[in-house]
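Undergrad: Below is the structure I would like to discuss, written out as structure tokens.
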Amino acid sequence: MEASSRESLVRVRERLAELTRGPSGLLERTKDRLTGQPRATTPDELAAVADELFAVARLLDGQISLRRSLSDPAGKPDERAGLANRLFASRLSPAALDLVETVTRQRWSRPPDLVEAFMALGIEAALDAADARGELESVEDELFRFGRIVGGDRALARILSDRSASAEGKSALLDSLLSRKVSPVTAQLVRNVLTGPHAGHAENAIERLSEVASRRRGQSVARVTTAVPLTAAQEQRLTEVLGRIYGRTIGLQVTVDPGVLGGLVVQVGDEVIDGSIAHRLEAAGRRLVG
């Protein structure tokens, strides 16, 4: 996204935060009753809003002329919001409609950024639902583990990454893989993102979801690859060391891969610390050849 779209996304996220917290006192509750201010605060309400936002993203992705009209910089913000109201008032909950109108009042660099904005809001609302249920940590872990499953199965990754495959077929496959095995929020996120607009490579898309969930918990993610499972004490020690190195709380996502032979490979963002025996052997081999 360009600068104007990034700024707009910040504002609509702020509006989502306003709509998903309960009124803080008697004065605010009274104001809500007088103004009819919509809110979505329970886990079920938040999950429903997420589904509505994902549905709007899919609709706009398939309707080029509509997303152009709703993001036309030549139009007045209230006119774009009025068009959105006429189109969606009978289809969406008050809170979701409020967010749609808020999005269309903003300035977007490109019409496709509207689709990205609604996908981002849907993800945030779903994670709000997980947070309200006290499941944010488990959702992050389930996303990470499902990403590892997809990454380890080429056939599955190919099917889930195929943009020409039908959304209905992908949804049915994901339901068979995830039903009653993960949190409803995990299933909701995976299903909507992997069948949604511009999902791209399935493993990467799930990895990004896991990172978003981790940031919501106030953590950065360290992806650790090790030849053998780490003990709880080793994980705690590694968490402390990485926290000191990066100056922030670090959460570990550990993958066991005998191919590293020994040692650890640690990735935090774009930075990779490769302390594996396999890496040292490869480096020694290059020196011998040189």
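The values are calculated or read from the model by the stated rules, or taken from the named source; none is laboratory data. Predicted model only: the values in this text are computed from it and were never measured. Every residue, glycine as well, gets a Cβ built from its backbone with ideal geometry; the counts of neighbours run over all protein chains shown.
Undergrad: Between E211, E207, E203, which is in the same structural domain as S176 (by TED's automatic domain parsing), touching a strand residue (DSSP E or B) at 6+ places or on another chain (Cβ under 7 Å) and surrounded by 15 or more Cβ atoms within 10 Å (Cβ to Cβ)?
TA: That would be E211, the only listed residue that is in the same structural domain as S176 (by TED's automatic domain parsing), touching a strand residue (DSSP E or B) at 6+ places or on another chain (Cβ under 7 Å) and surrounded by 15 or more Cβ atoms within 10 Å (Cβ to Cβ).
Undergrad: Only one residue in G259, G243 is within 30 Å of A132 (Cβ to Cβ) and at pLDDT 75 or above, so which one is that? I'd like the intermediate steps shown before the answer.
TA: On the way: G259 fails: within 30 Å of A132 (Cβ to Cβ).
Result of the check over G259, G243: G243.
Undergrad: Residues that are over 26 Å from the mean Cα position of the chain (by Cα) and modelled with pLDDT under 90: find the helices (runs of 4 or more DSSP H) completely inside the stretch 1-100 holding 3 or more of those.
TA: 26-35
Undergrad: Still on this model: Restricting attention to the stretch 194-202, does a residue exist that is in contact with a Phe, Trp or Tyr (Cβ under 8 Å, 6 or more places away or on another chain), of a type outside the set (S, T, N, Q) and modelled with pLDDT under 85?
TA: yes
Undergrad: In the stretch 146-158, which residues are in contact (Cβ under 8 Å) with a residue 40 or more places away in the chain and over 23 Å from P184 (Cβ atoms)?
TA: Hits for the stretch 146-158 are G151, A157.
Undergrad: Check A74, A157, A167 and return the single one that is exposed (fewer than 15 other Cβ atoms within 10 Å of the Cβ), outside the structural domain of V254 (by TED's automatic domain parsing) and in contact with a Gly (Cβ under 9 Å, 6 or more places away or on another chain).
TA: Sole residue among the options that is exposed (fewer than 15 other Cβ atoms within 10 Å of the Cβ), outside the structural domain of V254 (by TED's automatic domain parsing) and in contact with a Gly (Cβ under 9 Å, 6 or more places away or on another chain): A167.
Undergrad: Next question, about the same structure. Test of understanding: among A167, A213, which residue is farther than 26 Å from A155 by Cα and either modelled with pLDDT under 80 or under 22 Å from the mean Cα position of the chain (by Cα) (or both)?
TA: When all the criteria are applied, what remains is A213.
Undergrad: Just one of R133, R180, R107 is on the phi > 0 side of the Ramachandran plot and of a type outside the set (A, V, I, L, M); which is it?
TA: Of R133, R180, R107, the one residue that is on the phi > 0 side of the Ramachandran plot and of a type outside the set (A, V, I, L, M) is R180.
Undergrad: Exactly one of these conditions fails for E235: (1) among the acidic types (D, E); (2) free of Cβ contacts under 8 Å to residues at least 12 places away in the same chain; (3) not assigned by TED's automatic domain parsing to the domain that holds R145. Give me its number.
TA: (2)
Undergrad: Continuing with the same structure: Say we look at the stretch 221-238 and pick out the residues that are surrounded by fewer than 17 Cβ atoms within 10 Å (Cβ to Cβ) and polar (S, T, N, Q); which of these is farthest from G259 (Cα to Cα)?
TA: Among those that are surrounded by fewer than 17 Cβ atoms within 10 Å (Cβ to Cβ) and polar (S, T, N, Q), it is Q236.
Undergrad: Let me ask something else about it. Is one or more of the residues making up the stretch 104-111 within 30 Å of A74 (Cα to Cα), touching a residue at least 40 places away in the same chain (Cβ under 8 Å) and basic (K, R)?
TA: Taking every residue of the stretch 104-111 in turn, at least one turns out to be within 30 Å of A74 (Cα to Cα), touching a residue at least 40 places away in the same chain (Cβ under 8 Å) and basic (K, R).
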